[in-house]
Amino acid sequence: MKEKMFLVNLRRELRRNKSIRVKVFIAGFRLTNFFFEFDKTRVLYALSNCIYKTVCFFFKIDILARTRIGWGLRIFHPFCICIHPDVRIGDDCILRHGVTLGNKGESSSAVPSVGSGVEFGCYAVVFGGVSIPDGARVRALSLTTESERSKVAIDVNARDACDLDRESLCGFDRP
């Protein structure tokens, strides 16, 4: 049953992404993640992980197979994306190139928590134990390190995200 739902979700997720590069990355990530969870012998995991690491190397993407990302992931321009393996991302999220989610350094273990339906702009960076609510939009070129200050960089209602022209700076459509 798990295998059937996996294939249904994978097919749906691949249809949502247009680029062949994104489809290759997502298929590699999902298969490696599936084998990481369910392959007790670790043979299939080791094989798929070698292929997946090669894809990650060429796209300069650093997302380990044990990272938990919900279904419905969409990626635009899949390059230079770095996500800490302990970050949890909800369903139907959008990543653009240059997105970084992680801790504040070796001495810190707190990582961001990302809700469902979150959209990240290009080169958005979130460090530390920041909680990003469902449906939020993280501005392009923003640095978010604390939840109290994250209201500046995160647009929960998709309004007033930018003081300047929304289309040119953030890449978001007007609501």
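General remarks:
- Tabulated pairs, region 51-65, first in contact (Cβ under 8 Å) with a residue 60 or more places away in the chain, second surrounded by 13 or more Cβ atoms within 10 Å (Cβ to Cβ) and among the aliphatic types (A, V, I, L, M), C-beta under 7 angstrom, 6+ apart or interchain: none
- Among the conditions (1) closer than 30 Å to Thr144 by Cβ; (2) under 16 Å from the mean Cα position of the chain (by Cα), Leu10 misses just one, which is (1).
- Selection within region 12-26: residues that are of a type in the set (A, V, I, L, M) and either crowded, with 19+ Cβ neighbours inside 10 Å or in contact with a His (Cβ under 8 Å, 6 or more places away or on another chain) (or both). The member of this set that is nearest to Leu64 (Cα to Cα) is Ile26.
- Among the residues of region 90-109, the ones that are without any contact (Cβ under 8 Å) to a residue 40 or more places away in the chain and either closer than 14 Å to Ile61 by Cβ or surrounded by fewer than 13 Cβ atoms within 10 Å (Cβ to Cβ) (or both) come to 12 in all.
- Single residue of Lys60, Lys2 found to be of a type in the set (D, E, K, R), more than 26 Å from Val130 (Cβ to Cβ) and surrounded by fewer than 18 Cβ atoms within 10 Å (Cβ to Cβ): Lys2
- Within the set Lys104, Lys18, Lys2, Lys40, the sole residue that is modelled with pLDDT under 90 and within 22 Å of Ser116 (Cβ to Cβ) turns out to be Lys2.
- Neighbours by Cβ (under 8 Å, 6+ apart or cross-chain): first from region 27-43, within 17 Å of Asp62 (Cβ to Cβ); second at pLDDT 90 or above and small (Gly, Ala, Ser): Gly28/Ser48; Thr32/Ser48
- Where Tyr52 falls short, out of the listed (1) of a type in the set (Ser, Thr, Tyr); (2) within 18 Å of Arg21 (Cβ to Cβ); (3) exposed (fewer than 14 other Cβ atoms within 10 Å of the Cβ): (3)
- So Phe35, is it hydrophobic (A, V, I, L, M, F, W, C) and outside any helix (DSSP H, G or I): no
- Only one of the listed residues (Val130, Val125, Val114) is surrounded by 16 or more Cβ atoms within 10 Å (Cβ to Cβ) and either under 27 Å from Arg12 (Cβ atoms) or modelled with pLDDT of 95 or more (or both). That residue is Val114.
The values are calculated or read from the model by the stated rules, or taken from the named source; none is laboratory data. All of these numbers come straight from a predicted model, not from anything done at the bench. Glycine gets a Cβ as well: all are built from the backbone with ideal geometry, and neighbour counts include every protein chain shown.
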